[in-house]
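What follows is calculated from the coordinates using simple rules that are stated; it is not laboratory data. The structure displayed is predicted, hence computed values, not measured ones. Because the Cβ atoms are built from the backbone with ideal geometry, glycine has one as well, and the counts that use them run over all protein chains shown.
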Amino acid sequence: SGARPARLGEGRRPRPAPSCGLRTVAAMAPRRAPRAGISAAFFLLLLLLPPATASAGLSGYFGTKSRYEEVNPHLVRDPLSLGPTAAESRLPAACAPLQLRAVLRHGTRYPTAGQIRRLGQLHARLGRQPACPAAAALAAWHMWYEESLDGRLAPQGRRDMEHLARRLAARFPALFAARRRLELASSSKHRCLQSSAAFRAGLGPALSLGGEEMGVEVNDSLMRFFDHCAKFVTMVEENDAAMGQVNAFKEGPEMKKVLAKVASALCLPVEELNADLVQVAFLTCSYELAIKNVTSPWCSLFSEEDAKVLEYLNDLKQYWKRGYGYDINSRSSCILFQDIFQHLDKAVEESKSSKPISSPLIVQVGHAETLQPLLALMGFFKDDEPLKANNYARQTHRKFRSGQIVPYAANLVFVLYHCDQVNASKEEYQVQILLNEKLMSFHHSNETISTYVDLKDYYKDILENCHFKEECELPNVNITAVDEL
């Protein structure tokens, strides 16, 4: 199994970020008279519910739709705070940073058009239940999402990126000094391009942009490598059989219990609901918190135990589609992994030749689907037992928790240092890796600092023997034969 990253609280449930600053249901409810069929007393009760009643404990279970503040709760109070662990670099005093290579997930986004359509269908269905208090209350909620929003960056997402840029600049001031060169690349998706622009804006005008002064290079071959991998697309992405564990969990006892509870609350026959519709209701709770910083009335449908089940459903999908479920998920990311080390190599060679570092800052903006396979390729967050439909209870303390790994604005940062006054020549160049601004422990040493030589040696097989073209070639087998993966 993989080594334990430092200070990420594996083995115990992370505390959800404080809900300070959340407005109550009353603040976001439509300002109109109660609909017919719902008593004035019940409607008043709904409006007066404090946030703790509607969503206590839910925000830690939103998976890939989690706020960045769930992994760094201190940012709720001060979005520019570096946090309590920023000073714990444990680097010798004679080390200076040469290069920072960051792979970011875009900031907080709106739901996709598909999610908005499903929510609209569920919302319309509730309008036909005027005699049911909970259904009528949710039917009275203003359905403000429009399909044109389709996964676009929300205003909060721009703030996520601007604040992250300012924190990184404060943490590594020598690298972000005036007139240093910044290479900025992005996925072609609108939310990533806007996140790149917001990150750049957060740094102010002092830095010069690498290459032509266009601002952002679109590079889907690195940021959306999964789209270019035929083996992954055919055998995982478009293969229903590959999601067998996910589909089995949707029909399993834990999800059936949640479905029955939600159907009862909404006075619907359980046959009219399915796992996807219930998950859309749950994710609406997450979107309202992340986008608007409000407690949505949709949250009131779920208990913390329900949230744990729905989080596991999300994590199962991530595990089998982007994580350790199939080797091709992670092996397809070796093109990005190797590109990271090629730039680190170049910086080392330039330093040895006493040349200026041509690319001191390389920032690339992609997706959760960019970061999750890369972290799996590196062996992080690997549990002894695979996540499956029938081992939910045994996975209570799992390492693979997508909300803790790839929330909105997630970031994986490699920092290369040059160190003077070292005992051996191999100690001259050293590396740290940070995930979501927290130092990670390396597998080969359980330390948060590694010589560059040792790190390359540990990943020698991936660096030398993982070839994207060969990895992604389709085998001559039936596409439903997922065992081939």
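I need the calculated FRET efficiency for the pair N293 and M143, taking r as the beta carbon distance and R₀ as 22 Å, to the nearest 0.05.
0.70
Nearest-5 percent of antiparallel DSSP beta bridges in region 52-472?
Antiparallel bridges make up about 60 percent of those DSSP assigns within region 52-472.
Starting at the first residue of region 60-70, write each ³J(HN,Hα) from the Karplus equation 6.51 cos²θ - 1.76 cosθ + 1.60 with θ = phi - 60°, in whole Hz, x for Gly and Pro.
In residue order, the calculated couplings are x, 10, 8, x, 5, 9, 7, 5, 4, 5, 5 Hz.
Translational D (Stokes-Einstein, µm²/s) of region 52-472 at 25 °C and 0.890 mPa s when Rh comes from the Kirkwood sum over C-alpha pairs?
Taking Rh from Cα pairs, D becomes 108 µm²/s.
Convert each backbone phi in region 435-441 into a coupling constant with the Karplus relation 6.51 cos²θ - 1.76 cosθ + 1.60 (shift: θ = phi - 60°), then list the ³J(HN,Hα) values in order as whole Hz, x for Gly and Pro.
10, 6, 6, 10, 5, 9, 7
Using θ = phi - 60° and the Karplus relation 6.51 cos²θ - 1.76 cosθ + 1.60, list the HN-Hα couplings for region 376-382 in order, rounded to whole Hz, with x at every Gly or Pro.
Ordered by residue, 3J(HN,Hα) equals 5, 4, 7, x, 7, 6, 9 Hz.
Suppose every K and R has +1 on its Cβ and every D and E has -1 on its Cβ; what is the size of the dipole of region 218-367 about the Cα centre, in Debye to the nearest 20? Present the calculation step by step, with values, prior to reporting the outcome.
On the way: 15 positive and 21 negative charges, 72 e Å.
My answer is approximately 340 debye.
With the Cα gyration tensor of region 256-343 in hand, convert its eigenvalues to equivalent ellipsoid semi-axes via √(5λ) and list them largest first in whole Å.
One finds semi-axes of 35, 17, 9 Å for region 256-343.
Order these peptides, 161-173, 111-123, by their mean beta-carbon neighbour count within 10 angstrom, highest first. Present the calculation step by step, with values, prior to reporting the outcome.
Numbers: 161-173: 20.0, 111-123: 17.6.
The densest-packed peptide leads the list: 161-173, 111-123.
What residues have an amide H closer than 5 Å to that of F302, excluding those fewer than 5 places away on the same chain, when H is modeled at 1.01 Å from N in the peptide plane?
When sequence neighbours closer than 5 places are left aside, there are no close amide H contacts.
To the nearest 0.05, how large is the calculated FRET efficiency for K355 and T396 if R₀ is 56 Å and r is the Cβ-Cβ distance?
FRET efficiency, K355 to T396: 0.60.
With r as the distance between the Cβ atoms of S445 and Q338 and R0 = 25 Å, compute the FRET efficiency 1/(1 + (r/R0)^6) and round to 0.05. Walk me through the intermediate numbers first.
Details: r = 22 Å, r/R0 = 0.88.
The value I calculate is 0.70.
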